[in-house]
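Structure first, then comments.
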Amino acid sequence: MIQAGSRAYWRATLALCLGSFMIFSNLYVTQPLLPMLAADFQVSPLSASYSFTVSTLTLGLSLLVYGPLSDVLGRRGIMLVTMAGVIVTTLALSQTSSYEMLLGLRAVQGFFLGGLPAIAVAYMGDEFDKEALMTAVGLYIGANTLGGIGGRLIGGFAGESLGWANTFLVIAGVSLVVWLSFASLLPRSRNFQARPFHLRTMLGNMLDHLRNPVLLTAYLIGGFNFFIFINQYSYITFVLGDAPYSLSPRFLGMLFLTYLTGTLGSALAGRAARRFPQPLCMAFGIVVLMLGSLCTLLPSLWAIILGFFINSFGFFFAHSTNSSWVSRNAQHAKASASSLYLVFYYTGASTGGIYLHPFWEWRGWTGVIIGSLVVLVGTLSAALYLHRKTRVAGEVTNAVVC
């Protein structure tokens, strides 16, 4: 097993972090390009937004495929092939001539984008020892945040100076360099044990995970945390774009730089999990997210920005711990377990805005925070439930041993 601090640990962790940066920069690159796409293709803002949401949708669906498939075929090869597919579709996007074709290619790209997120944590679960796993997952998820920030910044700056088509060429070039580095750095699997492919077995594994109260609770915590966190960003843009703040779209986009504290939170989560029970680490992250949300109620631009810095730290601290928890507690078919976690995660992202909308209509941003706290109290309670359940299980085990 790969041990923390070893040469193999740093090679594997760096490779997976680079891969994560590539995946999420490709996913989010169209967000700052939406006004440009709407103008060039003469579509509505809502239709332009489909260039982002269609990729998120197919990425989420693909997770149900890649996780079980990697339990049969292995992890490393699927990650390499799907990352290559991302590069090919990104190059094709730079040559598209119709909006329908662009949406189709983004849908295909989204399916390829799911390969690495579905498998990376399972790869680490196979190859890393317990201590290395907890720290590596934190660094890997931190790279997710950097990819999201990097994709938006590349899209904004390259799009403004080069146009949206050439922006895809730029991101394809960056992705090619990352793919070559990934292939060179990532060690071949040494502890992977293939399972024969049986559809019934695959579905049975997923049902087993969903019937496991420990895993299901973790899925719900991750899904509902993201349900709130990512959709708060959507509603705050309406607040900051209106009086008295009246921020321009460029500065609204830079609000995502608050993700940088998420990188720190993800990295620190692994260290914290080595000293404290992981469910308590999840609970800590949720409490921080609640405090940051309350901070945004202060009538000051700097207080709002500070609140989102706090939110990002808390959310990614909890998310990193949650991902590691799922991999450690899945008794079999670890990739399937990790994939299901991400399905809940992305489903939460796509539905949270619907839940928060009545609160927005009722009391504006204050209503959004009230609605957020209702859900976060639920996820905090779920994390404390996990702590109680695992503590009782540990006491029973110790009693049997004695």
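Brief remarks on what is shown
- Taking all protein chains together, M22, M206 sort by accessible area into M206, M22, largest first [probe 1.4 Å].
- Environment charge of R274, counting only residues whose C-beta is closer than 15 Å and scoring Lys/Arg +1, Asp/Glu -1: +2
- Spherically averaged projected area of the stretch 64-217 from its Cα convex hull (nm²): 11.0
- Length gained on full extension, T390 to A8, computed as 0.36 nm times the residue gap minus the Cα-Cα distance: 134.3 nm.
- A Gaussian network model of the chain, with springs between Cα atoms under 10 Å, assigns the largest mean-square fluctuation among M83, M202, M101 to M101.
- Springs join every pair of Cα atoms under 10 Å in this Gaussian network model of the chain, and among F313, F229, F276 the largest mean-square fluctuation is at F276.
- Once both labels are positioned 7 Å from their Cα atoms along Cα-to-Cβ, the gap between Q193 and Q331 label points is 1.4 nm.
- Scalar couplings 3J(HN,Hα) for the stretch 336-342, obtained by applying the Karplus form with A = 6.51, B = -1.76, C = 1.60 to θ = phi - 60°, are 4, 5, 5, 5, 4, 4, 6 Hz; x denotes Gly and Pro.
- Treating r as the C-beta distance of S234 and M254 and R0 as 22 Å, the FRET efficiency rounds to 0.90.
- Cα Rg over Rh - the stretch 268-402, Kirkwood: 1.05
- Whether the stretch 1-111 is rounded, prolate or oblate, judged on the alpha carbon gyration tensor where a/c under 1.5 counts as rounded: prolate
- I2 long-range amide H proximity, modeled H, under 5 Å: F128, D129
- Mean projection area, nm², convex hull over Cα of the stretch 43-93: 4.1
- For the chain, taking Cα atoms only, Rg and Dmax work out to 20.7, 73 Å respectively.
- Cleavage-rule hits, trypsin sites (Lys or Arg not before Pro), the stretch 208-302, DSSP coil, Cβ neighbours within 10 Å at most 15: R274, R275
- The stretch 159-307: C-alpha gyration tensor shape, a/c 1.5 cut-off, then a/b vs b/c: oblate
- Under the combined filter of DSSP loop state and at most 10 neighbouring Cβ atoms within 10 Å, the stretch 97-203 retains these trypsin sites (Lys or Arg not before Pro): R188, R190.
- Placing unit charges on each Cβ (+1 for Lys and Arg, -1 for Asp and Glu) gives the chain a dipole about its Cα centre, and among L291, L116, F276 the Cα reaching farthest toward its positive end belongs to F276.
- When the chain is treated as a GNM with alpha-carbon contacts under 10 Å, the residue of F41, F284, F309 showing the greatest mean-square fluctuation is F41.
- Cα gyration tensor shape of the stretch 164-221, rounded if a/c is under 1.5, else prolate or oblate by comparing a/b with b/c: prolate
- Extent of the stretch 283-362 along its three principal axes (Cα atoms, max minus min coordinate, largest first): 50, 26, 15 Å.
- From phi via Karplus (6.51, -1.76, 1.60), per-residue ³J(HN,Hα) for the stretch 346-363 in Hz, x at Gly/Pro: 6, 5, x, 4, 7, 10, x, x, 5, 5, 6, 4, x, 5, 5, 5, 6, 9
The values are calculated or read from the model by the stated rules, or taken from the named source; none is laboratory data. What you see is a predicted model; the values in this text were computed from it and never measured. Cβ: placed from backbone, ideal geometry, glycine included. Neighbour counts: every protein chain shown. Ligands, DNA and RNA are excluded from the accessible area calculation, which covers all protein heavy atoms including side chains. Shrake-Rupley method; radii C 1.70, N 1.55, O 1.52, S 1.80 Å.
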